[in-house]
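Trainee: I have a structure I would like to understand better, so I am pasting it below and will then ask my questions one at a time.
The values are calculated or read from the model by the stated rules, or taken from the named source; none is laboratory data. In this text the structure is predicted, and so the values were computed from the model without any measurement. The protein model used for the area step is the full one, side chains on, heavy atoms only, and it has no ligands, DNA or RNA in it. Shrake-Rupley method; radii C 1.70, N 1.55, O 1.52, S 1.80 Å.
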Amino acid sequence: MVNASDETTLANLSRAFVSMGASPEQARVMAVQMLKRARQLAHERQISEVEAMSDLLTKVVQGRQGTYTGTTPTAPQPGQ
């Protein structure tokens, strides 16, 4: 079930993907997948969903620009 906040996030992400050249249908699918992945990363890395989404969006933009290096930030280890 998608709540109002999720719908706003999906609409914003969809617009961003359309501006990068995706069709509206592709953009919606990509937005749903990105939101889902951001939640997974947030849980895995014990970071906020905002941080996870920021990381993913940075990678998308870098990939689009051809500057993505493939590096992934790591979550701080407990005790650091």
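Trainee: Keeping all protein chains in the complex and leaving out DNA, RNA and ligands, what accessible area do you get for LYS59 with a 1.4 Å probe, in Å² to the nearest 10?
Mentor: Result for LYS59: roughly 40 Å² accessible.
Trainee: Another question about this same structure. Determine how large the accessible area of VAL60 is when every protein chain is in place; take a 1.4 Å probe and give Å² rounded to the nearest 10.
Mentor: Per-residue accessible area (VAL60): approximately 40 Å².
Trainee: Rolling a 1.4 Å sphere over the protein heavy atoms, what is the accessible area per residue of the chain, to the nearest Å²?
Mentor: Each residue of the chain exposes 71 Å² on average to a 1.4 Å probe.
Trainee: Please state, rounded to one decimal and in Å, the Kirkwood hydrodynamic radius that the chain gives when every pair of distinct Cα atoms enters the mean of 1/r.
Mentor: 13.5
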